[in-house]
Amino acid sequence: MDIDARGPRFSAVITTVVLALALATTSMWLLLAQTLVFAVGAFAGLRYAPYGLVFRFLVRPRLGPPTKFEPEAPPRFAQLVGTIFAAVGVIGYAVGVTGIGIAFTALALAAAFLNAAFDYCLGCQMYLFIRRIWPSSPETPAA
Amino acid sequence: MSAGVIALIVVLIVVTPVGMIWRRRQGQLRAPKTRMATAPSSARIPDRPERGRLTAADLRQDLGPQATLVQFSSAFCAPCRGTRQVLGDVARMVPGVAYVEIDAENRLDLVRRLNVLSTPTVLVLGPDGTITKQATGQPRKPDVIAALGEVIPAATPSSTAGAGE
């Protein structure tokens, strides 16, 4: 399924702002909220992603018709990567290791910022990276 | 200043130049890095020693008589589609040029051997399969044609298009 390419970009901008606030205030609750937003996009699909809904009903009617479409799978996978990073940060805060909370909020923010400002989908790029180091074919690095 | 605010500033300072450099290098066709003999991954594959050259057996498809455009794609890759269009167009336009798209996930052997880190990765092969140029990200059509112009001596008149590089 193809989606308006401006949707994920808009969502990345909102995500960047939310994560920047979460990082500056070292707020577990704000990070948790963003984790849930990521998770909805990853597991239910971008159609139900909260920032995507804002884009669809509030922003897109004010813009012209879409000029560029892209497949849904890459940004959706990136939402899953975002979910994992943000969730680790939340767990860090929850168990009292603030450093983990800060570090993983910072990593998630870096990815969202790259996406928003440069259209670079770090989460998408991580897919091949993970597949490379997660061998399903015979490979023995220790040999 | 709190640790969170410091971390925020660090992220913005580190990520901004990374993003700018990444964007500038996107789709730029460069000469491949040569580090054939020293690479440990090639030592593990004794029957496939050459990193700088691809054969029809590697590609599972015939090489183009003049040149071959190879694209590594993956499932979660937004610019792969645009890259497919650019390379497909060029291959149809320039005689003797083949276009091969490889699903990186199915060919992790090639991915490791050529050290493909991201998708799309584009390779321009000469008639014997030697990798003459490579790019990550979607290349511009004139750049692809210019790269072919270097491989195919007197064929493409548009090879002057990339003179600015």
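Looking only at the range A:19-46, how many residues end up being closer than 14 Å to A:F85 by Cα and at pLDDT below 95?
Count: 0.
Determine if the range B:128-149 includes at least one residue that is farther than 25 Å from B:W22 by Cβ, within 12 Å of another protein chain (Cβ to nearest Cβ) and modelled with pLDDT under 95. Give the derivation first.
Of all residues in the range B:128-149, those farther than 25 Å from B:W22 by Cβ come to B:128-130, B:148-149.
Among the residues that remain, those that are also within 12 Å of another protein chain (Cβ to nearest Cβ) are: none.
Taking every residue of the range B:128-149 in turn, none turns out to be farther than 25 Å from B:W22 by Cβ, within 12 Å of another protein chain (Cβ to nearest Cβ) and modelled with pLDDT under 95.
Considering only the range B:55-84, state which residues are over 13 Å from the mean Cα position of the chain (by Cα), buried (at least 18 other Cβ atoms within 10 Å of the Cβ) and away from chain A (no Cβ under 14 Å).
Answer for the range B:55-84, where residues must be over 13 Å from the mean Cα position of the chain (by Cα), buried (at least 18 other Cβ atoms within 10 Å of the Cβ) and away from chain A (no Cβ under 14 Å): B:D58, B:L59, B:L63, B:G64, B:Q66, B:A67.
In this structure, does A:V90 turn out to be surrounded by fewer than 16 Cβ atoms within 10 Å (Cβ to Cβ) and either facing another protein chain (nearest Cβ under 10 Å) or out of contact with any Asp or Glu (no Cβ under 6 Å at 6 or more places or on another chain) (or both)?
no
Given the criteria assigned to a helix (DSSP H, G or I), surrounded by fewer than 22 Cβ atoms within 10 Å (Cβ to Cβ) and more than 14 Å from chain B (Cβ to nearest Cβ), does A:L32 qualify?
Against the criterion (assigned to a helix (DSSP H, G or I), surrounded by fewer than 22 Cβ atoms within 10 Å (Cβ to Cβ) and more than 14 Å from chain B (Cβ to nearest Cβ)), A:L32 qualifies.
Considering only residues that are basic (K, R) and within 13 Å of chain B (Cβ to nearest Cβ), look in the range A:45-87 and name the one that is surrounded by the most Cβ atoms within 10 Å (Cβ to Cβ).
Ranking the qualifying residues of the range A:45-87, first place goes to A:R76.
Mind listing just one residue for me: the one in the range B:88-107 that is over 10 Å from B:S73 (Cα atoms) and β-branched (V, I, T) and, of those, surrounded by the most Cβ atoms within 10 Å (Cβ to Cβ)?
B:V97
Only one of (1) in contact (Cβ under 8 Å) with a residue 40 or more places away in the chain; (2) in a helix (DSSP H, G or I); (3) loosely packed, with under 15 Cβ neighbours inside 10 Å fails for A:A42. Which number is that?
The failed condition is (3).
How many residues, within the range A:15-29, are more than 12 Å from every other protein chain (Cβ to nearest Cβ) and more than 14 Å from A:A111 (Cβ to Cβ)?
1
Given the residues A:V97, A:V40, which is the only one that is more than 27 Å from B:T16 (Cα to Cα), within 14 Å of another protein chain (Cβ to nearest Cβ) and out of contact with any Gly (no Cβ under 8 Å at 6 or more places or on another chain)?
A:V97
Filter the range A:95-121 down to the residues that are over 14 Å from A:T15 (Cβ atoms) and β-branched (V, I, T), then identify the one that is surrounded by the fewest Cβ atoms within 10 Å (Cβ to Cβ).
My answer is A:V95.
Just checking: which of the helices (runs of 4 or more DSSP H) contained wholly in the range A:45-120 hold 3 or more residues that are under 10 Å from the mean Cα position of the chain (by Cα) and closer than 22 Å to B:W22 by Cβ?
Result: A:73-94, A:98-118.
Among the residues of the range A:101-134, what is the count of those that are within 15 Å of A:L31 (Cβ to Cβ) and among the β-branched types (V, I, T)?
2
The values are calculated or read from the model by the stated rules, or taken from the named source; none is laboratory data. Source: prediction; values computed, not measured. All Cβ positions, glycine included, derive from the backbone under ideal geometry; neighbour counts span all protein chains shown.
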